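What follows is a single structure, written as structure tokens, with notes after it.
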Amino acid sequence: MTRKKYRYNPKTLTYEEVKVTWGTRILKIALWLAPNILFAGVAAYFFARGVDSPRERALKAELDAVKSELSRINQDVDLANKVLDEIERRDENMYRLALHAKSFPEELRRMGTGGSDKYDDLLRLPNGELIKNTSQNVDALKRRLHAQRLSFDELVKLAKQKEKLLACVPAIQPVRNTQLKHAVSGFGYRIDPVYKTRHMHTGVDFTANKGTEVFVTGDGIVKEIQSNNWGYGKCIIVDHGFGYQTLYAHLSAFKVKVGQKVKRGELIGLIGSTGKSTGPHLHYEVIKDGTKVNPIGYFHSDLSPEQYEQLIEMSNNSNVALD
């Protein structure tokens, strides 16, 4: 039963019943509900922000995992760069030094791949800044690795050339040590055996019996075969490449032909006394870039240190040439 409300009317000195309209009732209900609705909305807002849905929690965990993985990748890139620093140091200070190669151009090691705007789209992604930095670091590492590969390709090519060079450079005696008869006549000014004057002797004379075998001192191609009545007499010139040539003079016989490829230690002729010669011997010369040099520095591969020292002493003590 609805309670009735009365109001005192001083004019009539009576209590009169108060009539409540539906509009008033609705207004009172609204005023009562408004604070409650506002409180509920505020509570729901903060609750929604403080408590993630299962999907939101999954996405957040995924983003955290991506962030952690990107951080690990950056650490790996930093480690790879440190290792590459050491490889580059060895490249410059060891490998290139050993192969007499020029320094690899620094601008190639740090070559770019375009402007920084190529990474701008990454900034719109979750963890965009970290993704951008990671991409830049990985690209920089890739550039350094590519440059190092180019450097190694060059070094491999040089090493192969060096291997061929080592096979071609004159490096042994053209006559076996056991077949030498007595002291050799060395490179330098000597007394001419015919004219008895002091002249430049441009090779080393190895004295041995006629018919003693003569061996080529490095890989090469037979460039010339000469037969003269004077001078070098029967003579062979071998081109070894890389600016090296060797000459074998006063031979009694040839065992090779012009244009023939020869390997170090291969028989090419026999000792004689042809041309301007006072007795059986081999006159041997080494020519580097067109200049005749002392052959004594090219006998290191088949002699012991003691034999090499003895050969130097013999060549220095001989004042008379044999041709």
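Key figures
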item: Residues of the stretch 239-278 classified as among the hydrophobic types (A, V, I, L, M, F, W, C) and in contact with a Pro (Cβ under 9 Å, 6 or more places away or on another chain), total; result: 2
item: Cβ-Cβ under 6 Å pairs, at least 6 apart or on other chains, the stretch 151-168 side surrounded by 14 or more Cβ atoms within 10 Å (Cβ to Cβ), far side of a type in the set (A, V, I, L, M, F, W, C) and at pLDDT 80 or above; result: Ser151/Phe104; Leu165/Phe242; Cys168/Phe242
item: Which listed residue, of Glu92, Glu88, Glu56, is modelled with pLDDT under 80 and part of a helix (DSSP H, G or I); result: Glu56
item: Residue match in the stretch 237-253 (condition: surrounded by fewer than 17 Cβ atoms within 10 Å (Cβ to Cβ), in the same structural domain as Gly297 (by TED's automatic domain parsing) and more than 20 Å from Lys292 (Cα to Cα)); result: yes
item: Restricting the stretch 59-85 to residues that are over 30 Å from Ser151 (Cα atoms) and of a type in the set (Asp, Glu), the residue that is modelled with the highest pLDDT; result: Glu69
item: Out of Gly275, Gly265, sole residue that is closer than 30 Å to Gln161 by Cβ and at pLDDT below 95; result: Gly265
item: Residue, surrounded by the most Cβ atoms within 10 Å (Cβ to Cβ), within the stretch 197-236, restricted to residues that are β-branched (Val, Ile, Thr) and free of Cβ contacts under 8 Å to residues at least 40 places away in the same chain; result: Ile236
item: His182 vs. criteria assigned by TED's automatic domain parsing to the domain that holds Gly297 and either at pLDDT 70 or above or of a type in the set (Lys, Arg) (or both); result: no
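The values are calculated or read from the model by the stated rules, or taken from the named source; none is laboratory data. Just so it is clear, the structure is predicted and the values come from calculations on it, not from any experiment. Note that we place each Cβ from the backbone using ideal geometry, even for glycine, and neighbour counts take in every protein chain shown.
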